[in-house]
Amino acid sequence: MAADSESLFSLDTYHVSEELGFILPDPLEELPPYYQPWMDIALRVPDLVHSHELRLHINKMPLLGTQHLQKHRELRLAHLALSVMTMGYTWQEGENNTVEMLPHNLAVPYWEVSQRLGLPPILTHADAVLANWRKKNPEGPFDMENLELLLSLPGGDSVRGFFMVTLLVELAAVPALRNIPTVINGVRCGETEAVARALEDISQSIQDMTDALKLMHVYVEPSVFYGIMRIYLSGWKDNPSMPNGLVYEGVQIEPMEYSGGSAAQSSLLHCFDELLGVKHEAKSSAFLTRMRDYMPPEHKQLIQDISSQPSLKNFVQQQDSERLNQAFQHCVTKLLHLRNYHINVVSRFITVPAARARQLRDRSQDSEGEMISRAPTALEERGTGGSGIMTFLKTVRDQTKDAFLPERRTEMNHQS
């Protein structure tokens, strides 16, 4: 039976692009001339942090009103620029000399732009990855050789590598996103074959995400990521270096707490979990739900709307279709593989360097060792989003197994 077209589920209302998914299409590279004082500093953040002059420059910056920012892409570039300045300002001197207050000439416009976008006043995945790219050759391919950042943080080529590889993971997910409405509408209309075909495409797309993630090992140096970059992705919630949070001067007197950047701020896995019926235990679920407040509101709404659809898993169990059964199981398998691979990446870039840093602190060090041992001790066991990282990732991975249909779950449990 056909569903009435009025009620068909579609991605049109969620700021999701047919070609780029959650990625912001054609981000602006310049703000209106009035905002040049922001861009002049934002473009130089790595150098100014290195010379210990960023705070000085920001303290002298004029207070600019946000009324000349009209379009969505202007607001996104402004948020990115103010975010990069804020992370550099806060962490300029590392974990031991943090600030308690963001000056009003940065804090007030940052708060206003954040309110208009529905984003928090801290660097998020939506800034650093989704709205922070340009093609060197506009006609050229969307690949590592042809992509560069609009704004950067300390860490050189590894910063570009980290954000651009993450962008390519987002791009690899686009076919999966495009197929989610097909699955939802197929379940509503009882179209077994259409759902099976869409799930097969989603499986392939999740595999492509894992393959894209493998580029981290090519483009990001673990000692640079751990020793230099991570602190600039860290927030002021659940962070021992800033136990009281940060006062946004001119916004409110009490300090505010916000989590740093986290892969959990990408809407992709949230969408797949809701579609496939992956349920997380209380603590993981609370963290993941909180991370949705760090996404553009339309993307958060998409996740919520997927979660309120009829259960795909129940539909698969009710149909007598081997192809549909296999397509569903395959999707969960690929999601499990992606989460396993993410654990391997985190181990190489965080767990191993953290162990090395503990060993090196009391010894004479080579340059790589020195970089690692200078890394913030507060982040040794935690993700930049504030979670106890390995426990969290393994719990989330293990709960993905529970999404399997019963016969496959028994098999998986015997293997683990």
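The values are calculated or read from the model by the stated rules, or taken from the named source; none is laboratory data. Owing to the predicted nature of the structure, the values given are computational and were not obtained by experimental measurement. Neighbour counts are summed over all protein chains in view; Cβ atoms, including those assigned to glycine, are modelled from backbone coordinates with ideal geometry.
Things to note:
- Residue count, segment 240-258 (criterion: assigned to a loop (DSSP other than H, G, I, E, B) and either over 19 Å from Leu153 (Cβ atoms) or touching a Lys or Arg at 6+ places or on another chain (Cβ under 8 Å) (or both)): 13
- Selection from segment 248-261 of residues that are surrounded by fewer than 24 Cβ atoms within 10 Å (Cβ to Cβ) and out of contact with any helix residue (DSSP H, G or I) (no Cβ under 6 Å at 6 or more places or on another chain): Gln252, Ile253, Glu254, Pro255, Met256, Glu257, Tyr258
- Contacts under 9 angstrom Cβ, first residue in segment 121-137 being of a type in the set (Ser, Thr, Tyr), partner crowded, with 24+ Cβ neighbours inside 10 Å and in a helix (DSSP H, G or I), 6 or more apart: Thr124/His79; Thr124/Ser83; Thr124/Leu130; Thr124/Gln265; Thr124/Tyr294
- Residue match in segment 30-42 (condition: in a helix (DSSP H, G or I), modelled with pLDDT under 95 and of a type in the set (Ser, Thr, Tyr)): no
- Qualifying residues in segment 193-214 (those that are buried (at least 19 other Cβ atoms within 10 Å of the Cβ) and of a type in the set (S, T, N, Q)) - the one nearest to Glu148 (Cα to Cα): Ser205
- Members of segment 1-28 found to be under 21 Å from Ser266 (Cα atoms) and either at pLDDT below 90 or aromatic (Phe, Trp, Tyr) (or both), listed by number: Tyr14, Phe22
- Subset of segment 298-331 [closer than 16 Å to Val16 by Cβ and of a type in the set (Val, Ile, Thr)]: Ile303, Ile306
- None of Gly190, Gly186, Gly245 is surrounded by 20 or more Cβ atoms within 10 Å (Cβ to Cβ) and either modelled with pLDDT of 95 or more or in contact with a helix residue (DSSP H, G or I) (Cβ under 7 Å, 6 or more places away or on another chain) (or both) except Gly186.
- Elements of the type helices (runs of 4 or more DSSP H) sitting completely within segment 106-225 and holding at least 1 residues that are charged (D, E, K, R): these cover 157-172, 174-189, 192-213.
- Test: residue in segment 21-39 that is buried (at least 21 other Cβ atoms within 10 Å of the Cβ), over 30 Å from Leu177 (Cβ atoms), touching a helix residue (DSSP H, G or I) at 6+ places or on another chain (Cβ under 6 Å) and not hydroxyl-bearing (Ser, Thr, Tyr): yes
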